[in-house]
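Just so it is clear, none of the values below were taken in a lab; they were calculated from the coordinates. Bear in mind that the values here come from a model prediction, so they are computed numbers and not experimental data. Reconstructed Cβ throughout: ideal geometry from the backbone, glycine too, with neighbour counts over all protein chains shown.
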Amino acid sequence: MDQREEEKLKKTEAPENEIEEDDEDEMPPGQKFIQICISTGLLILAYFICKKQSLPLWAQLCLYLIPYLASGYDVIRDALEDICHGEAMDEDFLMTVSTVGALLIGFVPGGKPMFPEAVFVMLFFQVGEFFEGLAEGNSSRAISQLIDIRPDWANVERDGQVIKVSPEEVKAGEIIVIRPGEKIPVDGLIIDGSTSLDTVALTGESAPRDASKGDQVLSGCVNISGLIRVRVEKVFAESTAAKILDLVKNAGKAKSRSERFISRFARVYTPVVVLAAAFLGLVIPGIYGVCTGTGYIANFASWFLRALTFLIVSCPCALVVSVPLAFFGGIGAASKNGILVKGSSFMDALSKTDIVVFDKTGTLTRGVFEVTSIHPDRIPAKELLHLAAHVERYSTHPIAASIRAAFGDEDDGCKVSEVKEIPGRGVQARVNGRTVCLGNERMMDECGAAWKSCQDAGTMIHVAIDNEYAGHIHISDVIKADAADTILELRELGVRKTVMLTGDKKDVAELVAKETGIDEYRAELLPPDKVSSLERLLSEKEKGRSLAFVGDGINDAPVLARADVGIAMGAMGSDAAIEAADVVLMDDKPSKIARGIKISRRTIRIAKENIVIAIAVKVAILVLAAIGLAPMWLAVFGDTGVLLICIANSARTLSYKAGRKGS
């Protein structure tokens, strides 16, 4: 089992060490801002007192300790707590050691007092923490606004009255009333009324969707215009809104390869730089003193200052913070576009998509049957459809519904009687005194009608009147409007191959493949056949690239789980498919696949930019610090300044705008 499969199996129960939990002691930005203002005022006051008064070093130290502790007490506290827990090698520890050293260097023979500089370094570090908190807070709020779909209440009909209850209290089968302006609390079916629904929180689409009696409505949508009564189909815990909230809440648990690299890098990097700084400040003065004949003490202060500068600039917080923040923003941008990504590791895999495999029904097609052609024999086409619609008047089969919908007006005074459904063959009925048989070739053979074959793809429904052949009707699934454009756009994005796997007949699959532009198709597959076909395709993908499977049915769940990236159609997809998938498209548009790839690639690019910026600047300043050419302010820029640049760069991931050619 490879690493990708292990992640997918564990994604619902990530290890504790991979789950980033909020620090309960973390200071909110507003309080941090007050701390910075007070500390700045105390630093200015201490500076002017020392400027006007000739105070001994110990008195200056005591005076500057006031703004130092005011600005850095929480950093020092966290550093001490980390030491007690055996986790000393972080930015709090490095900042504490370097600033305490700067406070004490004036007492070293040959050392120059650096009290204001020590306080300033701590103060500027807190400024960086303040902006980091603002950036993370803005990202969190942006995502919270995108998924602000949790309803506050539900109006339930009980004992002849409409009462307001918590959505969690609504039971399946109950009737709820949803007024204009209210959120739909749970998934259900409209039994009375019609309206327009705002689905932007689920799908990212701003255009309202009309809904009337018999239509399904999903929790999280907003009822815009009319009052509707809805029969509840799922309790709140199983509703669309609850599942989306859970998906986004847990999206950060599956870390990307970049994030895992940064975590491992920081654990190795920090001890190395601490040892390097110790060598620079404690060992090099002796070596330099022996080489120059000046002695250890005479050189200690200058080399110790270099070591402190080295420590300040070496903090890895720009990497540790900005890369996860980039993925967090990318997940938010995807959510805004109706694409739910269950973790940054799947964002990483999505960006490397090489092969995209599609299910047919409900994915490339709407999963809704329509009459596509009528071939009459002896009677007009309208009369043929008219008789077929009346024979299918009482059937609930999707094919029967499509015939009735194509005719449109069954209430024309015709008398229909003796309706008899013949399993495996079709339906027979008396319409205005004539016997009409509707069904397959076996049905025609049994009633003695000489049926005719046809090359049109789809399901063929034959019609016989009084045992004489009257023609046939073709019914087929409707290809989604954006399916062909999706395949073209995927090809433009560099996806090497598109494949369709379906259990449908070969002629139907061939027609869909031809009309959409799919590279390959494999038809008449059972669920185990789909898995074996996917295994073969996985062996064909390029090294370091990913295979994505897109599906919506219960039978697609095993394939979704096996693919590098499983993409489920969320609005109409089965619960099993959504559970097994890594990415969920909330409006069932296949074009969202290309958009998701664009967002993922943009996110990965920004994360890599952060890595390059942070490492390049830090290495340059570390070299300058080691040879004594980096002043303290430059060291602060190498730490906090680079952090702010990377955070600002990460924030770009939230501002994705969809475009055909853009990425």
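List of remarks:
- Each of MET443, MET586 has some number of other Cβ atoms within 10 Å of its Cβ, and from fewest to most they run MET443, MET586.
- Residues whose amide H falls under 5 Å from that of VAL368, counting only those 5 or more places apart or on a different chain, are VAL478, with hydrogens built in the peptide plane.
- P(r) of the range 367-479 over all Cα-Cα pairs, binned every 10 Å from zero, in whole percent: 15, 53, 29, 2
- Footprinting exposure proxy for VAL427, VAL623 (fewest neighbouring C-beta atoms within 10 Å first): VAL623, VAL427
- Computed FRET value (nearest 0.05) for ILE83 with ALA381, which takes r as the C-beta separation and R₀ as 60 Å: 0.10
- Flagged links, alpha-carbon separation over 20 Å, of LYS336/LYS360; LYS352/LYS530; LYS213/LYS415; LYS497/LYS541; LYS360/LYS543; LYS505/LYS589: LYS336/LYS360; LYS352/LYS530; LYS213/LYS415; LYS360/LYS543; LYS505/LYS589
- Unit Cα scatterers, Debye sum, the range 429-532: log10 I(q)/I(0) for q = 0.11, 0.16, 0.19 Å⁻¹: -0.51, -0.80, -0.94
- Residues LEU634, LEU501, sorted so that the one with the fewest Cβ neighbours within 10 Å comes first: LEU634, LEU501
- Over the range 265-409: Kirkwood hydrodynamic radius from C-alpha pairwise inverse distances, Å: 23.2 Å
- log₁₀ of I(q)/I(0) at q = 0.13, 0.19, 0.21 Å⁻¹ - the range 493-626, Debye sum with one point per alpha carbon: -0.63, -1.17, -1.37
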